[in-house]
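Data block below; observations after.
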Amino acid sequence: MKSLRFWIAPLALFIFVGCQESGKDSAQEGDATQDMQQAPEMDDLQMEQSPQASNISEEELEKFVDIDMQLQPMQQQAQQEMIAKVEEKGMAVEKFQEIAQSQQQGDSTAFSSEELQNFNEINEDLSEIDSQLREEVQTKIEEEGVSIERYQEIAMAVNQDPSLQQKLQEIYQRKAGEQNSMN
């Protein structure tokens, strides 16, 4: 299930989430669980989109997995660059996470003005890395003959449909086995 976190709109801020989970062996599994749990207000929207799941062919699932397997190294590299950037600016990743979480909750009073300024500077650097990655991801998806919209539709359908998740997991396992047998 480690690739589940990449099923949710790869052009979203998945790297920021990945950066927050750095250093944890089970980060990808944890992200998958988080991705699978949607906010209650999204339930109605998801129910309307569920019929799309039946419109996804086996060929599209295969292509989706192929693309995702190509995107993973790109995403991991960007995540490493982001972590390095945070540390290069003299902030521990854990501190960065704490500040990010406090700002999301609207309460950053527990941090000094220097920490907040450093956080904001780091965020600007991370935005540049994220923008570059978004362009690379979009290019890679389109090079494989899939529109960004269709890729996102498939990702959403997979996220909503346990049977599609199972099919995708089987494809991932088969392809991982094929890669291992070639090495």
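The set of residues in region 73-114 that are of a type outside the set (A, V, I, L, M) and surrounded by 15 or more Cβ atoms within 10 Å (Cβ to Cβ) comprises Gln75, Gln79, Glu81, Lys85, Lys95, Phe96, Gln97, Glu98, Ser102, Gln103, Ser108, Phe111. A search for C-beta distances below 7 Å between a residue of region 79-94 that is within 16 Å of Phe111 (Cα to Cα) and any residue that is β-branched (Val, Ile, Thr), counting only pairs 6+ apart in sequence or on different chains, returns Met91/Ile122; Val93/Ile83; Val93/Val86.
Filter region 138-152 down to residues that are among the charged types (D, E, K, R) and loosely packed, with under 12 Cβ neighbours inside 10 Å and give me whichever is nearest to Glu81 (Cα to Cα).
So the first thing to find is which residues in region 138-152 are among the charged types (D, E, K, R), and the list is 140, 142-144, 149-150.
Add one more test, that the residue is loosely packed, with under 12 Cβ neighbours inside 10 Å, and what stays is 143, 149.
On the way: Glu143: 24, Glu149: 27 Å.
Among those that are among the charged types (D, E, K, R) and loosely packed, with under 12 Cβ neighbours inside 10 Å, it is Glu143.
On the given criteria, is Asp66 over 30 Å from Ile171 (Cα atoms) and either of a type outside the set (Val, Ile, Thr) or in a loop (DSSP other than H, G, I, E, B) (or both)? So Asp66 fails the test. At least 3 residues being over 30 Å from Leu61 (Cα atoms) is the threshold, and among the helices (runs of 4 or more DSSP H) wholly inside region 83-183 those reaching it are 93-104, 113-143.
Residue-wise test of (1) surrounded by 17 or more Cβ atoms within 10 Å (Cβ to Cβ); (2) within 15 Å of the chain's Cα centre (by Cα); (3) not small (Gly, Ala, Ser).
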| position | (1), (2), (3) |
| --- | --- |
| Glu121 | no, no, yes |
| Ile129 | yes, yes, yes |
| Glu136 | no, yes, yes |
| Ile154 | yes, yes, yes |
| Asp161 | yes, no, yes |
| Leu168 | yes, no, yes |
| Lys175 | no, no, yes |
| Glu178 | no, no, yes |
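Every number in this text was worked out from the coordinates using simple rules, so none of it is lab data. Bear in mind the structure is a predicted one, so any value in this text is a computation, not a measurement. Cβ atoms come from the backbone with ideal geometry, glycine included; neighbour counts cover every protein chain shown.
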